[in-house]
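Single-structure report; data block below.
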Amino acid sequence: MSDGYAIDVRNLSKRFGPKIAVDNISLQVARGEIFGFLGPNGSGKTTTIRMMCGLLNPDGGSGTCLGYDIIRDRELIKRHVGYMTQKFSFWEDLTIRENLDFVARMYDMPNRREAVDEAIQGLGLTDRAVQLAGALSGGWKQRLALAACMLHNPQLLLLDEPTAGVDPAARRDFWEELHRLSALGISVLVSTHYMDEAERCHKLAYIFNGKLLAHGSSREVVASQGLSSWAIHGENLSGLSEALRDQPGVEQTVLFGTALHVSGKDQELLERTLQTAVADRSLRLEKMDTTLEDVFIYLMSRSTPMDGDAS
Amino acid sequence: MMRLFLGFSVSRWWSIILKEFLQLRRDRLTFAMIIGIPIVQLTLFGYAINNDPKHMPTAIISADHSEITRTVIAAMKMSEYFEIIGELPDEEAGRSALAQGRVQFVLNIPPGFTRNVLRGERPALLLEADATDPTATAMALGAVTQIARSVSAKDLTGPLAHLAGGRDPFEVRVHRLYNPEGITRYNIVPGLMGVILTLMMVLMTGLAITRERERGTMENLLAMPVKPIEVMTGKIVPYIAIGLTQATIILLAALLLFRIPFAGSIIMLYCATLLFVAANLTVGITLSSLARNQLQAMQMTMFYFLPNMLLSGFMFPFQGMPQWAQCVGNLLPLTYFNRLIRGIFLKGNGFWDLWPNLWPLMIFTLVVMTIAIRFYRKTLD
Ligand SMILES: Nc1ncnc2c1ncn2[C@@H]1O[C@H](COP(=O)(O)OP(=O)(O)OP(=O)(O)O)[C@@H](O)[C@H]1O
Ligand SMILES: [Mg+2]
C-alpha cells in the first residue's frame, strides 16, 4: 500500500445517456505528487473525479485509489480521501463550527474538538465560527470547504476547482499549503482553469470531450506539441491577429492584452511569415517559449470540435 | 393606478407568459398534476364516494329458524343496506366481530321469536350497530322499519292476517354501540390523527432527503464514510419524535377540547401510532429517492395523500364504498390506522381486536422499507 501510485485508473469510461462524458481515460498519480487536471467546461473533469472517489459507477475501466479498488473498496477510499466538490456542498444552515464538527464526527475522529478548533484557527475564522456557512462570501465558502475536506488528514486530496472565486493572496496561501502537504507525502489531484496554478503542478493532464489529450510535466506537455511561438508587441494587434490567421505557417494566434502570441509547427516558415508581416509596421517581434496556455488552446482547436451537451 | 401600467410592454409581458409555459411543459410532474389531480378527485368523489352507503356487512345470530326469520333476513337483503355475510354462534362472537370492524351490524334473533310473533306478543329483534361512524349506519337504520312491514305482507296472510293488521308484528330494537348518540365528531377527530400524520410524515421525510440532493450537500454526504442505512435511519428518527409529538397534541386536543371519549389504552394508542408513523416515513423516504427536487417530493406527497384521505374510511364509510375503491383502500396504511385509532378511542379494543389491523401495517412498513432501501442511491448516478 505504501508503494505504487496514489491514483491508478485505467480505461475509465462514463456515459450519460448517449453522451460520453469520460472516454477511456487512464491516469497515474504518484504519491506525494500534485497533479493538475485541466480541460474546458464540460470536458469530464468532475465526472472523472467522482468515479475515482466512488460517487459514480464507471461504465468501463478499473482502478485504484491509495491501493483500494474504486469499485469494491469505496468505503475505505472515502475514509482516506478528501474530496472537495466543485459546487459548495456544506450545510448553509449550519454554522462554520457545526459544519466542521459534523464532518469530524462522520470520520470518527478521536480528537474532534482540537481538530475543529485548529481548522477554524487555520482559516482565521475564530471570531466568526458561529456564523452560518450560508452567510460567507463565495471565496470564504471555498476556503471553508477546503478546510473541511482536509480535516481528517486524508492521504489523497481530490480537489475540484478549489480556488474558483478565491482572491490571489488566498490562492497563493492555498498553493503553498498544497506544496507543504505534498512534501509530507500527501498526494493531490486538483482541477483548475488557472494557468498559473497549472504551472505549479508536478504533473498535468489535459482532457477534452472526455478524452485525455496530453499528460506529463508542464514542460513535457509543452514540448509534446512541438510548437514554436513568437510574441508581437505593438498597436492594433487584433487586426493583425485576423490578418495572420490564414498565413502560411501560422497555426494559432492568441491575443494576450499587450502581446499577440503566434504559434506554428514549422518554425522557419512561421518566422518568415512573421518577419514580412511586421516589416512595414511599427511592431516588435520576439521569439518566446511556447506557454502552457498556447498549447492548451492549440490542443482544443486541433481535436474534434466540442459537440456540446445535446449530442 | 395608471402609474402601475406606465411603460407596460406587451411583448415583454408576453415573453414572461411564454417562458412560464415552456417551463411548465418541461416539468412533467407538475403537468401530470394539472391533469391527474382533477381526474383522481373526480373519480374518487364521483364514484367511490357514496353518501348513501349500502351493502354494509351484517352478521346474524339466530336462535330461531323459521319462515318468518328467513323473510326478515330476505327483507334486509332486499333493502340493499345490509349484506348478510354469515351467521355467528353467539353474542360474544358478534361483539368481537363488531369490535374488529368485520361487520357493521349484528342481527340478533332471540329464541322463540317465531312463536311469539304468532302469538301476537310483538317480540323484539336486536340490531346491534357499530355507530363509530354515524353516517355509515344512519341510512340503514332508517330502512329497518320497513322490514317488519314486509314480513306482515308476505308471511302473515290467510289465517294469520289478523296479526298483520294495525301494529307491526314485531319490533326491531336498535342498539348503537360505541357512539350511542351518533356524534360525528367522535368519528372525525380520532380519524384526523392519521390524516395529519400521513401528510406531515410523508412530506417532511420526503423533503429532508431531496433537500440534500437539491442543495448539492448529498454529494458531500456520499463522499464521507457514512453508510446509507445510517443516513436513512438517522434522518428518520427526528421525524418519529416529531410524529409522536404531533400525535400527543392531537390526542390532548381530542380529549380536552373536543371531549372525545377514550375507551382504550394509551399504550396501545402510542404503539399503533409508532407503527403508523414508521409506515409513513418509509413512504416518505421512498418518494424522496424518486423525486429529483423538493417540489417533486411535495407533488408526490399530494398524489399519495389524496387517496389516503378519500379512500381510507376517513371521509366516507369504508364499507359503503364500491369494491374497487375498497381494494385500493386496503393498500393504504391510513385505512388500518383509522380502524385502530377509532377502535382504541371509541371501542376500547384490546390487542387481539386490534391485531387484524396491526399486521397489515407491519407488512406495509416492511415492504415499503425494502423498496426504499432498494431505491436509495448510494452514488450520484
Ligand atoms: N448527472 C449528469 N447527467 C447527465 N449529464 C451529465 C451529468 N454530469 C455530467 N454530465 C455531462 O458530462 C459532461 C462532463 O461533465 P463534467 O461536469 O465532468 O465536466 P467538467 O470538466 O467538470 O466541467 P466544468 O469545468 O464546467 O466543471 C458534460 O457534458 C455534462 O453535461
Ligand atoms: Mg467540473
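The values are calculated or read from the model by the stated rules, or taken from the named source; none is laboratory data. Here the structure is a predicted model, which is why all the values come from computation and not from measurement. Reconstructed Cβ throughout: ideal geometry from the backbone, glycine too, with neighbour counts over all protein chains shown. Areas reflect the complete protein model, heavy atoms only, side chains present, ligands, DNA and RNA absent. Shrake-Rupley method; radii C 1.70, N 1.55, O 1.52, S 1.80 Å.
The residues of segment A:227-289 present an accessible area of 56 Å² per residue when probed at 1.4 Å with all protein chains retained.
Mean residue ellipticity, 222 nm, helices only, chain B: the sum of -39500 (n - 2.57) across DSSP H runs of n ≥ 4, divided by residue count and rounded to 500, is -20500 deg cm²/dmol.
Global size of segment B:184-380: 17.3, 54 Å for Rg and Dmax (C-alpha atoms, Rg to one decimal, Dmax whole).
Note on A:Ala243/A:Arg219: beta-carbon distance plugged into 1/(1 + (r/R0)^6) with R0 of 30 Å gives a FRET efficiency of 0.40. Evaluate the Kirkwood expression for the hydrodynamic radius of chain B, namely the inverse of the mean inverse distance over all pairs of different C-alpha atoms, and round to one decimal in Å. Its Kirkwood hydrodynamic radius stands at 24.0 Å.
Contact order, relative form, for chain B: 19 percent (alpha carbon pairs under 8 Å, 6 or more residues apart, mean separation divided by residue count). Mean per-residue shielding of peptide A:86-99 is 3, counting Cβ atoms of other chains within 10 Å of each Cβ.
Pairs from the table (A:Lys87/B:Lys235; B:Lys54/B:Lys347; A:Lys78/B:Lys378; A:Lys87/B:Lys19) lying more than 20 angstrom apart at Cα are A:Lys87/B:Lys235; B:Lys54/B:Lys347; A:Lys87/B:Lys19.
Spatially, segment B:288-321 and segment B:64-83 are offset by 39 Å when compared through their Cα centroids.
Remark: relative contact order (segment B:1-153) = 24 percent; criterion is Cα-Cα distance under 8 angstrom and separation of 6 or more residues.
Sites listed here are GluC sites (Glu not before Pro) in segment B:1-110 whose DSSP assignment is loop and whose Cβ has at most 14 other Cβ atoms within 10 Å: B:Glu80.
If you restrict to DSSP beta bridges whose two residues both lie in chain B, what percentage is antiparallel, to the nearest 5? Around 20 percent of the beta bridges assigned by DSSP in chain B are antiparallel ones.
Under the criterion of Cα pairs below 8 Å and six or more residues apart, the relative contact order for chain A equals 19 percent.
If you take every DSSP beta bridge fully contained in segment A:147-298, what fraction is antiparallel? Give it as a percent rounded to 5. Taking every DSSP beta bridge within segment A:147-298, about 80 percent pair in antiparallel fashion. The interface between chain A and chain B buries about 1800 Å² of solvent-accessible area in total (1.4 Å probe, ligands and nucleic acids excluded). Going from the chain on its own to the full set of protein chains, segment B:196-240 has these residues losing 50 Å² or more of accessible surface (heavy atoms, 1.4 Å probe, no ligands, DNA or RNA): B:Arg215, B:Thr217, B:Glu219, B:Asn220, B:Ala223, B:Met224, B:Pro225. Surface composition of segment A:144-292: carbon plus sulfur atoms hold 49% of the accessible area, using a 1.4 angstrom probe and ignoring ligands, DNA and RNA. Pairs to check: A:Lys19/A:Lys265; A:Lys14/B:Lys227; A:Lys211/A:Lys287. Give those whose C-alpha atoms are more than 27 Å from each other in this structure. Pairs exceeding the cut-off: A:Lys19/A:Lys265; A:Lys211/A:Lys287. In segment A:95-150, taking the dipole from charged Cβ atoms about the Cα centre, the farthest positive-side position among A:Cys149, A:Gly139, A:Leu123 is held by A:Gly139. Centre-to-centre separation between the Cα atoms of segment A:129-156 and those of segment B:1-27: 41 Å. Beta bridges from DSSP with both residues in the protein assembly as shown: antiparallel share about 55 percent, rounded to the nearest 5.
Surface composition of segment B:184-380: carbon and sulfur atoms hold 73% of the protein heavy-atom accessible area at a 1.4 Å probe.
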